[in-house]
Amino acid sequence: MKKFLIASGVAIVAFASVAAAQGYTFSTNLTVGSTGPDVVALQTWLIANGYHIPSVESGAAAKGYYGSQTKSAVVKFQAASGLPSTGFFGPLTRGILNGGTAKTGGNTMSSSACPTGYVCTAVGTPGTPSTPAGPVGISTPGVPGTLSVSLWTSPSNGTIVYKGQSYDVVSVKAQAAASDMAVQSVSLDFSNRLWLYASAITLKDDQGNVVGQVSNLGPANFSELTVGSDYRITIPVNNYVVKATQTRYLTANVTFLTSSDRLTGTIGVSSIQVRAVDGTGVTDTQTVNTGNTTTTTDTAGTTVIRTFSYQGSGAGQVNMTVDATSPLAGLVQVSTAAQTQNVPLAVYSVKSQNAPSNLQSVSFTVLTTGATPSALFSTYTLKIGSQTFGAQNIVNNATVNGQASSTVTFSNFGSIVLPADQPTSLSLMATVQQDTNNVLDGAAASTTLTNAGVVAQDQSYNNISVTGGPFASSNLTFSASSATLSNLTGTLGSSVVNNNTTVGYNASFSFTVTAGNSTLYLSADPNVALSTSSTGFGSTASSSLPLSGVTANPGQISGDTNVSANNGYYVVPAGTSRQFTFQGLLNNTNGASGFKSFSITAVKYGTTTASLTSGTINYNLQPLKVTASF
């Protein structure tokens with residue numbers, strides 16, 4: 001892991017000639033392996049100002065490749081400018097060449113040299129601590145953090161891709177710790193010359209938003225790390241922040257050329273690098289490669305972490321994905337007076353590649369806990385485009401590891417045609433049984449769709465292959481009387497200092513409780529109302545986060561009793577919402593160093609004043625967590 005401090009107000013010893021005076025503006029980060037016009041401009045400026053690049057100056061090498069000699073020249077310039085001498089041509093170095101004050105004598109950087117996307121503040125007098133400001137969008141200024149990155153399972157290995165289409169080829173899971181982390185760039189190493197197959201590569205988040213893209217792919221977009229087998233492309237990312245303790249997913253989607261002389265072959269991704277900046281302005285670079293994750297091999301036998309198979313022919317195929325509109329994990333309110341109609345369980349998307357095909361049948365597996373599928377659902381429907389179909393067959397399977405399942409099959413579609421290269425959504429919906437006696441409270445369901453579950457035929461009535469799966473939908477929890485949670489936040493506040501040592505941090509946790517068909521009661525005693533957990537404290541009982549104080553919005557209402565005392569409770573009337581905020585001190589009385597975290601894992605409530613812990617909500621509470629470093 002490499003880290004660089006980004007701070008303004010550093011002393012600069014530079015030269016009067018800057019790139020801005022030549023009418024050139026540097027717009028990208030550069031490092032060893034980079035190519036293109038920015039590299040040419042940088043090398044021209046370095047040589048003109050006395051920073052030698054022998055191979056270029058002698059004519060042995062052309063300008064345009066950022067090699068070891070260019071790095072050495074940048075290191076010397078950074079050292080002369082009072083910057084970290086890393087050889088990485090990043091925001092601070094660009095800031096100087098793009099118009100920073102460049103005078104000799106140790107003058108400080110002018111405001112015009114502040115890198116785009118950063119907030120620069122002047123360094124104080126000697127001996128006065130100064131906290132560098134992080135990138136715009138970070139809500140944890142001054143807080144150090146890291147971004148843990150790992151290879152994600154979807155898309156799976158061996159995805160088959162066709163010319164003229166776009167496919168997700170690899171994804172990473174990114175988890176921020178302690179601080180918000182602003183992602184700066186994502187670099188991918190391919191085992192083949194991707195520009196011979198593809199026209200663009202796009203970076204998307206787990207909501208489908210485009211966070212970075214490189215179009216019109218060509219050799220200049222790639223650095224040849226190993227001749228013939230290792231090509232790196234860096235995708236700049238702007239205004240994308242992974243919030244503290246949050247987990248997000250970034251997916252590389254490749255658009256393949258409509259015409260190519262390439263036939264078939266397996267292309268591999270051998271490494272992924274994610275660069276991000278924390279609340280102190282420190283850059284964290286995390287790498288996923290063959291040394292730290294599961295590997296496979298491409299056509300040439302090169303060891304890689306993910307592959308996709310390019311098919312140059314026009315053979316038909318159906319590709320399947322989870323649609324962006326598929327419901328996320330959460331709680332579904334159902335009725336005690338009647339059945340709840342048309343509850344969406346999952347939305348999948350299928351696309352017939354290269355040629356149209358006819359959809360023959362679709363079979364889902366419905367998995368449930370807390371109730372069997374037949375006790376939870378009375379009917380199933382499948383919506384395909386504008387048409388809706390009922391299930392043709394339902395088979396109840398044996399219960400395994402506490403999970404009951406049913407196989408639900410839809411067929412007899414008639415003339416359902418999957419058009420060529422256009423996605424078609426498959427929306428699975430169900431009718432939930434009437435929950436007369438609250439026996440369905442807490443029951444949960446998810447669905448799975450496998451490649452074998454989708455049957456399609458080409459125009460010659462031959463079955464064609466289906467790829468992309470299996471896919472599992474999010475888990476939905478059903479209840480008629482319990483609460484839902486929303487607006488969950490865990491905030492690490494100001495520090496508590498004793499004898500120049502940070503001994504704790506003020507913390508607060510907020511969430512909105514919405515009651516269903518029954519009035520709910522929440523204890524005013526945090527030890528009764530909440531289930532919690534902590535890590536990093538060892539066995540010292542006093543090293544924890546004793547919650548003290550709770551406020552509600554709206555304030556005290558009719559029915560609230562002794563809310564200032566531990567034996568009191570708050571009321572959430574049926575069909576209404578109230579926001580609750582709990583405060584506490586994340587302390588470190590045992591003096592141990594390292595990361596310490598505290599989480600609310602469940603919110604407990606009662607449907608009567610005598611049963612304040614008879615129900616719990618403990619799904620998707622990850623935002624109710626704070627982490628600090630001592």
Report summary line: When the charge dipole of the chain is computed with +1 at the Cβ of Lys and Arg and -1 at the Cβ of Asp and Glu, the Cα pointing farthest to the positive end, of Leu42, Asn29, Asn462, is that of Leu42
Requested in this report: Go through Lys204/Lys383; Lys204/Lys351; Lys173/Lys351; Lys63/Lys204; Lys243/Lys383 and tell me which ones have a Cα-Cα distance over 31 Å in this structure.
Outcome: Lys63/Lys204; Lys243/Lys383
Query - Paramagnetic reach from Ala200 (point 7 Å along Cα→Cβ, amide N under 11 Å) across the range 217-250 - result: 217
Report summary line: Output ordering of 334-343, 271-280 (per-residue mean of other Cβ within 10 Å, highest first) is 271-280, 334-343
Requested in this report: Grab the beta carbon distance between Asn451 and Ser533, set R0 = 35 Å, and tell me the FRET efficiency rounded to 0.05.
Outcome: 0.35
Report summary line: So, over other residues within a Cβ distance under 14 Å of Phe478, counting Lys, Arg +1 and Asp, Glu -1, the net charge is -2
Query raised in the report: Taking the Cβ of Thr336 as the center, what net charge do the other residues with Cβ under 13 Å away carry, scoring Lys and Arg +1 and Asp and Glu -1?
Result: -2
Requested in this report: Find the centroid of the Cα atoms in the range 56-83 and in the range 600-630, then give the distance between the two in whole Å.
Outcome: 57 Å
**Report entry** Two-site FRET efficiency, Thr431 against Thr295, from Cβ-Cβ distance with R₀ of 51 Å, rounded to 0.05
**Finding:** 0.65
Report summary line: Diffusion coefficient in µm²/s returned for the chain by Stokes-Einstein, Kirkwood Rh over C-alpha pairs, 20 °C and 1.002 mPa s, is 76 µm²/s
Query raised in the report: Using 0.36 nm per residue, how much length does the chain from Gln165 to Asp421 gain when fully extended, once their Cα-Cα distance is taken away?
Result: 91.4 nm
Query raised in the report: Under a point spin-label approximation (7 Å from Cα along Cα-to-Cβ), what is the Thr303-Ile557 distance to one decimal in nm?
Result: 6.1 nm
**Report entry** Inter-probe distance in nm under a simple model that places probes 7 Å from Cα toward Cβ, at Thr287 and Gln392
**Finding:** 5.3 nm
Query raised in the report: Using 7 Å Cα-to-Cβ label points, what is the Leu328/Tyr249 separation (nm, one decimal)?
Result: 1.3 nm
Query raised in the report: What is the magnitude of the charge dipole of the range 243-384 about its Cα centre, with +1 placed on the Cβ of each Lys and Arg, -1 on the Cβ of each Asp and Glu, and no other charges, expressed in debye to the nearest 20?
Result: 160 debye
Query raised in the report: With +1 on each Lys and Arg Cβ and -1 on each Asp and Glu Cβ, how big is the dipole of the chain about its Cα centre, in debye rounded to the nearest 20?
Result: 840 debye
Query - Neighbour-count order for Phe190, Phe413, fewest beta carbons within 10 angstrom listed first - result: Phe413, Phe190
Query - Local electrostatic count at Ser85 - Lys and Arg +1, Asp and Glu -1, tallied over other residues with Cβ under 12 Å - result: +2
Report summary line: Extension length gain for Gln403 and Ser374 (0.36 nm per residue less Cα distance), in nm, is 9.1 nm
Report task. Please name whichever of Val322, Asn527, Thr407 sits farthest to the positive end of the charge dipole of the chain, dipole taken about the Cα centre and charges placed at Cβ: Lys and Arg +1, Asp and Glu -1. Result -> Asn527
Query raised in the report: Peptides 553-566, 223-236: what's the order by average Cβ count within 10 Å, highest mean first?
Result: 223-236, 553-566
Report task. Provide the gained length on full extension for the span Ser335 to Thr226, in nm with one decimal, where the gain is 0.36 nm per separating residue minus the Cα-Cα distance. Result -> 33.0 nm
Report task. Considering Cα pairs under 8 angstrom that are at least six residues apart, work out the relative contact order of the chain and quote it in whole percent. Result -> 10 percent
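The numbers here are math on the coordinates, done by the rules we state, and not lab data. Keep in mind it's a predicted model, so treat the numbers as computed, not measured. Glycine gets a Cβ as well: all are built from the backbone with ideal geometry, and neighbour counts include every protein chain shown.
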